[in-house]
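To keep things clear, I will list the structure first and then write my remarks on it.
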Amino acid sequence: MYKIAVLGDAQSVQGFAALGLQVCPAENAEQARPILHRLAKEDTAIIYVTEQLAAGLTAELDRYRKAVTPAIILIPGKEGSLGLGMQQVKTTVERAVGADII
């Protein structure tokens, strides 16, 4: 059975445990990197990653973006949005539709 996980700083991800998601706290990219690889190998279908961590994990995220699973979705952290998640959605829609419609 596939799992859903949330990766980010403890304050940003702690509440997701109440929803039944696997919570994986990491305070920086160095801590997050091995966790991300472990989650990808363990039948995790969706990994939510805070934008603040994603900024330091661009190479790893690009690698998994081309794979069927896991789907990696960027979410704002406690500091607020950096706009990375919306940029990712915009790029994906543009690639699928062939034009910028957002």
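The values are calculated or read from the model by the stated rules, or taken from the named source; none is laboratory data. Since the structure is predicted, the reported quantities are computational estimates derived from the model, not experimental observations. Note that each Cβ is placed from the backbone with ideal geometry, even for glycine, and that neighbours are counted across all protein chains shown. Remember, those area values only see protein heavy atoms, side chains included, never the ligands or the DNA or RNA. Shrake-Rupley method; radii C 1.70, N 1.55, O 1.52, S 1.80 Å.
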*So for R65, R33, what's the accessible-area order with a 1.4 Å probe, most first?*
R65, R33
*Residue by residue, what Karplus-based ³J(HN,Hα) values in Hz, rounded to whole numbers, does the stretch 42-51 have, using 6.51, -1.76 and 1.60 with θ = phi - 60° and x for Gly and Pro?*
9, 6, 8, 7, 10, 10, 8, 10, 5, 4
_Amide H contacts of V49 (H built 1.01 Å from N, under 5 Å, at least 5 apart or other chain)_ = L7, I73, L74, I75
*How much accessible surface area, in Å² rounded to 10, belongs to the heavy atoms of Y48 with a 1.4 Å probe?*
60 Å²
*Quick one: grab the alpha carbon gyration tensor of the stretch 1-73, order the square roots of its eigenvalues as a ≥ b ≥ c, and give me rounded if a/c is under 1.5, else prolate or oblate depending on whether a/b is larger than b/c.*
oblate
*What's the local net charge at Q52, with K and R +1, D and E -1, over the other residues with C-beta under 12 Å away?*
-3
*In what sequence, largest accessible area first, do I46, I72, I4 appear using a 1.4 Å probe?*
I4, I46, I72
